[in-house]
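The structure appears below as structure tokens.
No lab work stands behind these numbers, since they all come straight from the coordinates. Note that the structure is a prediction, hence the values are computed from the model and not measured. So basically every Cβ, Gly included, is an ideal-geometry build from the backbone, and we count neighbours across all protein chains shown.
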């Protein structure tokens, strides 16, 4: 993995210098080290970075978790946590921020290399998957119909009229331009069935029709929602779907 550029965000300068030396000894490039989350974000806005090593306990207005959340929402860069703790509480924090793992200090050079390579490879696979999702999402919607079973009837829905789909307690709800229909089932079934026809699963409970999206709305704590045609309620977007949605909506 030559020419991999790694940003080190660590609030103890001597440790940061040690990590930089170890990374460069392995063969990675470290163009910058910093002890501030805000400075890290400003740097990646203007410079190419392939991976970030992020100390969880930054002594700054943004700690490592806050900084990682902002990066996850706005930039396509994998983050590995650096931490002096290996307790369950710290592990739970790491899981919630969608980083690519964490490395416990003091750092073992072999484990450092393995974790970086795994993170880079995982990120590469995710980018390939995202590209496929974006390409599928931008395909023109073909004029087709789907059938659903509602009570004793089989109903046909024109895909041109379908706005979004929601699942709740084993019931799938279909929201069209002018009515709401339902059947028992799973969202996974409809995700597979509709992925090539302009529909996108933006959340574990929702599938939206992309050309029925009117607005991408920014909420609190780096959350995003979609405003759908003919509906007042907003559809939440899962954190790992924010970047693909943003890319899909760029025309």
Check your understanding: Using only helices, what value at 222 nm comes out for the chain when you add -39,500 (n - 2.57) per DSSP H run of length 4 or more and divide by the total residues, to the nearest 500 deg cm²/dmol?
Key -> -11000 deg cm²/dmol
Review point. Against the longest alpha carbon principal axis of the chain, how many degrees, from 0 to 90 and to the nearest 10, is the axis of helix 37-46 turned?
Key: 70
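Given just the C-alpha atoms of the chain, how large is their convex hull per residue in cubic angstrom?
Dividing the Cα hull volume of the chain by its residues yields 140 Å³.
Evaluate the relative contact order of the chain (contact order divided by residue number), counting alpha-carbon pairs under 8 angstrom at least 6 apart; express in whole percent. Present the calculation step by step, with values, prior to reporting the outcome.
Details: 422 pairs, mean separation 31.2, N = 251.
Contact order relative to length: 12 percent.
In whole Å and largest first, what semi-axes does the C-alpha gyration tensor of the stretch 148-193 yield when each eigenvalue is scaled by 5 and square-rooted? Don't jump to the answer; show the numbers that get you there.
Working: eigenvalues 45, 35, 21 Å².
Over the Cα atoms of the stretch 148-193, the semi-axes work out to 15, 13, 10 Å.
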Exercise for review: Could you sort 23-34, 56-67 so that the peptide with the highest average Cβ count within 10 Å comes first and the rest follow in order?
Suggested key: 56-67, 23-34
Review point. Is the stretch 1-62 rounded, prolate or oblate when judged by the Cα gyration tensor, a ≥ b ≥ c being the square roots of its eigenvalues, rounded requiring a/c under 1.5 and prolate requiring a/b larger than b/c?
Key: oblate
**Study point:** Kirkwood Rh, angstrom, the stretch 145-248 [1 / mean 1/r, Cα pairs]
**Key:** 14.0
Review point. Among 79, 232, 167, whose mean-square fluctuation peaks in a Gaussian network model of the chain (Cα, cutoff 10 Å)?
Key: 232
Review point. Where does each of 11-21, 196-206 land if you order them by average Cβ count within 10 Å, highest first?
Key: 196-206, 11-21
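Sorted by mean Cβ packing within 10 Å, highest first, what order do the peptides 144-151, 45-52 take?
45-52, 144-151
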Check your understanding: Nearest 10 degrees, 0 to 90: what angle lies between the long axis of helix 109-137 and the longest principal axis of the chain (Cα atoms)?
Key -> 20
**Study point:** Folded to 0 to 90 degrees: helix 64-74 orientation relative to the chain principal axis, Cα
**Key:** 50
Check your understanding: Can you work out the base-10 log of I(q)/I(0) for the stretch 4-128 at q = 0.15 1/Å, using the Debye formula on its C-alpha atoms alone?
Key -> -0.60
